[in-house]
1. Suppose the filter is within 24 Å of residue 44 (Cβ to Cβ), modelled with pLDDT of 95 or more and open to solvent by 50 Å² or more (accessible area, probe 1.4 Å); does residue 114 pass it?
2. Being open to solvent by 10 Å² or more (accessible area, probe 1.4 Å), modelled with pLDDT of 95 or more and not acidic (Asp, Glu) is the requirement here; does residue 169 meet it?
3. Do we have any residue at all in the stretch 207-217 that's modelled with pLDDT of 95 or more, open to solvent by 40 Å² or more (accessible area, probe 1.4 Å) and over 17 Å from residue 266 (Cα atoms)?
4. Would you pick out the residues in the stretch 136-164 that are crowded, with 18+ Cβ neighbours inside 10 Å and not aliphatic (A, V, I, L, M)?
5. Consider residue 189 carefully, then state whether it is modelled with pLDDT of 95 or more and either among the aromatic types (Phe, Trp, Tyr) or more than 19 Å from the chain's Cα centre (by Cα) (or both).
6. Please enumerate the residues belonging to the stretch 178-195 that are farther than 20 Å from residue 131 by Cα and not hydroxyl-bearing (Ser, Thr, Tyr).
7. Going residue by residue through the stretch 227-238, is there one that turns out to be within 21 Å of residue 82 (Cα to Cα) and polar (S, T, N, Q)?
Amino acid sequence: GVDIYANIGTPVRASADGTVVHRLTPPDGHQFNGHGAFSVDGSVLMTSEVVAETSEGRVGLWDGANYRRIGEWATGGIGPHDMKLLPDGRLAVANGGIRTDPKDRSKLNLGAMRPNLAVLDKEGGIADLLELVPDLWPNSIRHLALAADGTLAFAMQWEGDATETVPLLGLWRPGAAPTLCDARAEEASVMQGYAGSVAFSGDQTRVAITSPKGGAVMIFDAAGAPVATHRRADLCGLASGAGAGFIATDGQGAVWSCTDAGLELAARHE
């Protein structure tokens, strides 16, 4: 994916040496709002955007060869953030449900959120839509990970009563019912209501979320049952690792190999 933040124009960089090859500027009245994805053949770049005044979600469409703006789709929700291209070419979009002030990004509708996870067909129509039950509408759907079989893992951030503990990870195959993954009762508050990243392990037998607020990574099996929790301050970055493992990073410059057994330091950078 492509991380795209702010509304002042975002550079698209060549992966080999960091050379800026183009700079994108959103249309008037739009702001970039998170992530992006390329179409299967690379001909279209899709970017997560909002209409600034209302936070209505848009997918910006750009020519993958010259990054010229060629169109946009509605995302079917408010405040889209992450997106993932499914194996069949459809696009999954995490509509976080949060309306923000266009100037300072403060949150405006925490008492009236309604997040969803939308699947857009290749023409931009809504092919499938997942909404949580009303009690969980304050649970903003933010980040996505995609398994080889098309299962989506979605990480959430709780904007409701801080004394409540709710699932922060869900698993969903479009067309089926979702699975919400509860932490162990004794660890329910570890993540402090905030999942920062989500990833599947390399062999797809594990899925994990991190919390920089809680300083932890929580590992689940592929069915959504909790397996292990490991602590590390400001742990957030997460990616697939070898076998049943992950690679995690923290705010102190450390890179960790993460398995059911624990965290092992792989590298550290000042």
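The values are calculated or read from the model by the stated rules, or taken from the named source; none is laboratory data. Model, not experiment: these values are computed from the prediction. Because the Cβ atoms are built from the backbone with ideal geometry, glycine has one as well, and the counts that use them run over all protein chains shown. For the accessible areas, the whole protein counts, side chains as well, though only heavy atoms, and no ligand, DNA or RNA atoms are used. Shrake-Rupley method; radii C 1.70, N 1.55, O 1.52, S 1.80 Å.
1. Details: within 24 Å of residue 44 (Cβ to Cβ): no; modelled with pLDDT of 95 or more: yes; open to solvent by 50 Å² or more (accessible area, probe 1.4 Å): yes.
Taking the combined requirement at face value, the residue does not satisfy it.
2. Working: open to solvent by 10 Å² or more (accessible area, probe 1.4 Å): no; modelled with pLDDT of 95 or more: yes; not acidic (Asp, Glu): yes.
It is false that residue 169 is open to solvent by 10 Å² or more (accessible area, probe 1.4 Å), modelled with pLDDT of 95 or more and not acidic (Asp, Glu).
3. Initially, the stretch 207-217 is screened for residues modelled with pLDDT of 95 or more, giving 207-217.
From the residues that got through so far, the ones that are open to solvent by 40 Å² or more (accessible area, probe 1.4 Å) too are 213.
Now narrow it down to the ones that are over 17 Å from residue 266 (Cα atoms): 213.
Looking for residues that are modelled with pLDDT of 95 or more, open to solvent by 40 Å² or more (accessible area, probe 1.4 Å) and over 17 Å from residue 266 (Cα atoms), one finds at least one in the stretch 207-217, hence yes.
4. Passing the criteria: 137, 138, 139, 140, 142, 143, 151, 154, 157, 158, 159.
5. On the way: modelled with pLDDT of 95 or more: yes; either among the aromatic types (Phe, Trp, Tyr) or more than 19 Å from the chain's Cα centre (by Cα) (or both): yes.
For residue 189, the condition - modelled with pLDDT of 95 or more and either among the aromatic types (Phe, Trp, Tyr) or more than 19 Å from the chain's Cα centre (by Cα) (or both) - is met.
6. Start the filter on the stretch 178-195 by keeping residues that are farther than 20 Å from residue 131 by Cα, which leaves 183-192.
Those that are farther than 20 Å from residue 131 by Cα and not hydroxyl-bearing (Ser, Thr, Tyr): 183, 184, 185, 186, 187, 188, 190, 191, 192.
7. Looking through the stretch 227-238, none of the residues is within 21 Å of residue 82 (Cα to Cα) and polar (S, T, N, Q).
Table: residues versus (1) modelled with pLDDT under 95; (2) of a type outside the set (Lys, Arg); (3) under 23 Å from residue 126 (Cα atoms); (4) open to solvent by less than 40 Å² (accessible area, probe 1.4 Å).
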| site | (1), (2), (3), (4) |
| --- | --- |
| 3 | yes, yes, no, no |
| 30 | no, yes, yes, yes |
| 41 | yes, yes, yes, no |
| 46 | no, yes, yes, yes |
| 59 | no, yes, yes, yes |
| 62 | no, yes, yes, yes |
